[in-house]
Ligand SMILES: O=P(O)(O)OP(=O)(O)OP(=O)(O)OC[C@H]1O[C@@H](n2cnc3c(O)ncnc32)[C@H](O)[C@@H]1O
Ligand SMILES: [Mg+2]
């Protein structure tokens, strides 16, 4: 296993999603590494059937292509009454965020069970493409009747947190940063990174 404490100075965020990138920047600000963006020219095909497989593919391929450490996130929405759809196909469910939201709302209109969860798999790869650590986080909630709020990105305006009776579109980003699937995955990943750094 590589020695992360000496090698992890630069980290490529292996994502093309501006919303995710913004959250990564906020969540990793104290890590003491320089975060860099993935060049647009590197586009990884998400051929995996699970979030973790796709996170591994994105982290490994971007690490190899850039010759740097890379962190990738594969995430999505699982709606119980839709047999966990859209799941790994969350980004491919329709062409735009609002079309994706409308598709979920229309498919769910015949169902009374509106339970859902966000899932986030995160992987970090060393420059040779080897996966150094990974983690999965979830965040349980429900699908709102209609989009609410302008915070966040993607499915956030219809993802209701029962405890707050607000969607991630309405909840301030600093609160989402404490309870989200991405925050949960990152906190597990960070405890694994800590093990490397302290050795
Ligand atoms: O693969 P990269 O380049 O990282 O960007 P992407 O947007 O394609 O990301 P995914 O393949 O992981 O697909 C995730 C989908 O789930 C949505 N999503 C993920 N996390 C979310 C969050 O915290 N809030 C709202 N929607 C989210 C996101 O908008 C995408 O439609
Ligand atoms: Mg994607």
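The values are calculated or read from the model by the stated rules, or taken from the named source; none is laboratory data. Quick caveat: nothing in here was measured; it's all calculated off a predicted structure. As a convention, Cβ positions derive from the backbone with ideal geometry for all residues, glycine included, and neighbour counts pool all protein chains shown.
Worth a mention:
- The range 36-82, residues that are within 18 Å of residue 100 (Cβ to Cβ) and part of a strand (DSSP E or B): 73, 74, 75, 76, 77, 78, 79
- Some residue of the range 6-15 being part of a strand (DSSP E or B) and within 14 Å of ligand 1 (Cβ to nearest atom): yes
- One residue alone among 117, 9 is in contact (Cβ under 8 Å) with a residue 40 or more places away in the chain, away from ligand 2 (no atom under 15 Å from the Cβ) and surrounded by fewer than 18 Cβ atoms within 10 Å (Cβ to Cβ), and that residue is 117.
- Applying the criterion of being assigned to a strand (DSSP E or B) and out of contact with any helix residue (DSSP H, G or I) (no Cβ under 6 Å at 6 or more places or on another chain) to the residues of the range 154-181, the residue that is nearest to ligand 2 (Cβ to nearest atom) is 159.
- Residues that are surrounded by 15 or more Cβ atoms within 10 Å (Cβ to Cβ) and assigned to a loop (DSSP other than H, G, I, E, B) were ranked within the range 17-32; the one that is modelled with the highest pLDDT is 17.
- Long-range neighbours under 7 Å by Cβ, at least six apart or interchain, first residue in contact (Cβ under 8 Å) with a residue 60 or more places away in the chain and within 14 Å of residue 73 (Cβ to Cβ) within the range 37-58, second in a loop (DSSP other than H, G, I, E, B) and near ligand 1 (Cβ under 8 Å from one of its atoms): 54/46; 58/14; 58/44
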